[in-house]
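Enquirer: Structure below; questions to follow.
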Amino acid sequence: MPDIALPLQEFLKGMDEDAAKAYRIRKIYDAFGQAILAVYGATAARLVLSHVQAVYIMEDDGTYVGDAQPLRLLRVYTDDPTVRADLDARQEFIKMRLAALGYSVDRLRLHASTFGMKEREPYKDFLDRLEKGQVATPDTQGHAFEEAAQAAMVKNLQVLKAALCQVFGEQADEVVKAINAAYVKTRGKARPLACVYVQDDDARMALEAQREAVAARARELGLPLLRLDVKAAEPWMVSRQAFPALSAPVIIER
């Protein structure tokens, strides 16, 4: 089978530098639009994309020790705080969809659009084409991908809950109920990371003290966690409970 990347490289070489850059940027915008369409569905995607003013993929400009590689960041600028919060809640699924489209990113950073940026409408053409039925909506395979991703997340959260219960013993019920939101994320071939969000100060301190023990127990149970992070719950999370009694864990989703 011929390598389609070779003709594409020749095509880009034939462009001047500005045209090639514009082409690559447009491909990133289209991929992000397709990812949002896959995660949200057509109706909600229209609302989300109408509030997005800019999308960038770049390397983090932080300092890295030794052989550590810079993270690839997805920066998204929006003019609506509700949209930003919802994108943050669904970022793991957005990153998975982008990876399936050939754009692997490690972290999503959301920014408020300011000044003249608020006037930008980069998705106007995309939304017009979507309205006319000229943009392919997620097919059965796409839905199957999303369902598989959610199933994997739930399975990992169940293992994390089991590890929490084993570490905290008699206190497990109280501690687990105090967790407002949780996720387990993977990055390529790297070991997964887990994070729990807790409003209650006492429960958060208890989890901080035992986070290494919980990660170690999760590894014994088959979930090869690199680490467990414990963070204060954000305002929209405080009414949530990540691990309802006698039921499956709840994925972060606003």
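Enquirer: Restricting to region 179-234, and then to whatever is within 15 Å of residue 166 (Cβ to Cβ) and of a type in the set (Asp, Glu), can you tell me which residue is surrounded by the most Cβ atoms within 10 Å (Cβ to Cβ)?
Expert: 212
Enquirer: Let me ask something else. Filter region 68-98 down to the residues that are in contact with a helix residue (DSSP H, G or I) (Cβ under 9 Å, 6 or more places away or on another chain) and small (Gly, Ala, Ser) and list them by number.
Expert: 85, 89
Enquirer: Quick check: is even one residue across region 160-170 aliphatic (A, V, I, L, M) and at pLDDT below 90?
Expert: Looking through region 160-170, none of the residues is aliphatic (A, V, I, L, M) and at pLDDT below 90.
Enquirer: If a residue must be farther than 14 Å from residue 182 by Cα and either assigned to a loop (DSSP other than H, G, I, E, B) or in contact with a Gly (Cβ under 7 Å, 6 or more places away or on another chain) (or both), how many such residues does region 195-224 contain?
Expert: 5
Enquirer: Take region 37-55 and flag every residue that is closer than 15 Å to residue 82 by Cα and of a type outside the set (Gly, Ala, Ser).
Expert: Selection gives 40, 46, 47, 48, 49, 51, 52, 53.
Enquirer: Report those helices (runs of 4 or more DSSP H) wholly inside region 1-96 carrying at least 1 residues which are at pLDDT 70 or above and within 28 Å of residue 197 (Cβ to Cβ).
Expert: 17-40, 42-50, 81-89
Enquirer: I'm trying to understand the selection: among the residues of region 115-134, which are among the acidic types (Asp, Glu) and closer than 16 Å to residue 36 by Cβ?
Expert: Across region 115-134, the qualifying residues are 121, 125, 128, 131.
Enquirer: Quick one: would you say residue 99 is more than 17 Å from residue 41 (Cα to Cα) and modelled with pLDDT under 90?
Expert: Considered against the rule, which asks whether it is more than 17 Å from residue 41 (Cα to Cα) and modelled with pLDDT under 90, residue 99 comes out as yes.
The values are calculated or read from the model by the stated rules, or taken from the named source; none is laboratory data. A quick note: this is a predicted structure, and the numbers were derived from the prediction, not measured. As a convention, Cβ positions derive from the backbone with ideal geometry for all residues, glycine included, and neighbour counts pool all protein chains shown.
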